[in-house]
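Everything below concerns the one structure shown next.
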């Protein structure tokens, strides 16, 4: 498995990269989002949803724990496990139902779901709180590797 | 008419009894944020079973406190959405089962409608129309309320809620949860001039909010300015000034655009002293602050909203669906 680092100069660069990612996503994938408060995790998900044509509000899921988006040809869930006290609470959120259907699931603070959350296919790590961010992309399954290959084909380094 | 209301849309389990003649007879709340400090990560017990484990004892307790028997209930109301499907289902199935067993109507209530009507639980209730500013950890919204079921969302947060911005700023400054009081207290000793935080979305027309940038600004500034006590206080003050300024600007604009003279401020952030001071100074505006018990998630507002609709002649529904995503704008006045 090989990942890479990608500088994102500003919000426009983030949006452009999110559009590449959106075009490379299979119907079903687990994506971990890593990065400190303010690193731009929700901003990245919002940019991806916009590139898929979603026009509605994309709020932070910190308090609701889960925001789900039904798009014409795919389903996206955005989880923030920051407030989870115990992985078993995922059952209470309805994780089992979420995973019963094809969906791309973005998970912030996935370590909080340890043991109960399925293995991640891809990890996106954001660093730098300035305008410019550094994004690290790391696959951890064949499905994740396929997304990386497609991304590289779409945006050569 | 006597209505039992059940709220289980997210963290809190709330139950209450509201009566046409006697008003709010009793309300009980089991808050999960009491038992695990949300941003601290203390884990005294599993939260996952809490709605299920707490709901029956809470119903018994609230009936006992109200001096009421379940057979005295005329209807049951529960939060049908929006919220977490798994959490909503607990309240919906319990209230719906009770309604079937007692052969009474049951009604699924919109959680945000209940928040908007909650100020009517106070003795000093505002009359319609009013503009409501809902500012809590989960919501930031400006809504024009013309009556039960008659709502117009004027603006809302496009990213983080105001309370969430306080909590995350507190976390960035190394403060404890809940963040609102901690930031406000540190801000008291801070210099309001040292850091000029952005006032998101105040420089363009419209009533939407965006607070995610404030968090990033705090993180950036804290990194370059250092972390001594005075700097942290100045950062807290700069953040609070920006937050309050933004909320007040939008409220003033909402009142001017609607021509409404009553403002209801609900939600935990409404307790902020600097915000109240500034709102109280608004010209020709009567400002209402419902007590905090009715501002956070609770059963009383669900009982009240269910009662308001049923007593206006709406009949209960007979299904037992929940609606995790439910647009407030889709509501209509009670159908008699």
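Per-residue shielding of B:243-253, expressed as the average number of other chain Cβ atoms within 10 Å of the residue Cβ, stands at 0.
Rounded, prolate or oblate: pick one for chain B, where a ≥ b ≥ c are the square roots of the eigenvalues of its C-alpha gyration tensor, a/c under 1.5 means rounded, and failing that, prolate if a/b is larger than b/c, else oblate. It is prolate, given that a/c is not under 1.5 and a/b is the larger ratio.
Between B:263, B:158, B:275, where does the largest GNM mean-square fluctuation fall for chain B, given springs only between Cα atoms within less than 10 Å? Top of the fluctuation ranking is B:158. What's the center-to-center distance, using Cα atoms, between segment B:119-178 and segment A:48-107 in Å? Going from one Cα centre to the other spans 23 Å. Helix A:142-154 axis versus longest C-alpha principal axis of chain A: approximately 30°, rounded to the nearest ten. Legend: mean number of C-beta atoms from other chains within 10 angstrom of residue C-beta atoms, peptide B:136-143, equals 2. Remark: segment B:275-336 projects, on average over all directions, an area of 6.8 nm² (convex hull of Cα atoms).
Under conditions of 4 °C and 1.567 mPa s, segment B:126-289 yields 81 µm² s⁻¹ as its translational diffusion coefficient, taking Rh as the Kirkwood radius over Cα pairs in the Stokes-Einstein equation. Over chain B, DSSP H runs of length four or greater, each weighted -39,500 (n - 2.57), average out per residue to a 222 nm ellipticity of -12500 deg cm²/dmol. Residues A:69, B:151, arranged from fewest to most other Cβ atoms within 10 angstrom of their Cβ, appear as A:69, B:151. Our helix-only sum for chain A, with -39,500 (n - 2.57) per DSSP H run of n ≥ 4 divided by its residues, gives a mean residue ellipticity at 222 nm of -9000 deg cm²/dmol. Comparing Cα centroids, segment A:1-30 and segment B:295-336 end up 42 angstrom apart. In plain terms, the residue of B:307, A:20 with the fewest other Cβ atoms within 10 Å comes first and the most crowded comes last, giving A:20, B:307. Its alpha carbons considered, segment B:217-296 gives a radius of gyration followed by a Dmax of 15.6, 46 Å.
Of B:10, A:148, the sequence from fewest to most neighbouring Cβ atoms within 10 angstrom is A:148, B:10.
The GNM of chain B, with springs linking C-alpha atoms under 10 angstrom apart, assigns the highest mean-square fluctuation among B:236, B:182, B:284 to B:284. Averaged across A:88-99, how many Cβ atoms of other chains sit within 10 Å of each residue's Cβ atom? For peptide A:88-99, the averaged partner shielding equals 4. The largest-to-smallest principal axis extents of the Cα set in segment B:56-147 are 39, 32, 22 Å. The value obtained for the protein assembly as shown, namely the Cα convex hull volume divided by the number of residues, is 147 Å³ per residue. Which of the three applies to chain A, rounded, prolate or oblate, going by the alpha-carbon gyration tensor with a ≥ b ≥ c and a/c under 1.5 meaning rounded? Note, shape of chain A comes out rounded.
Taken together, the values in this text are just the output of simple stated rules run on the coordinates, not laboratory data. Here the structure is a predicted model, which is why all the values come from computation and not from measurement. We place every Cβ from the backbone using ideal geometry, glycine too, and count neighbours over all the protein chains shown.
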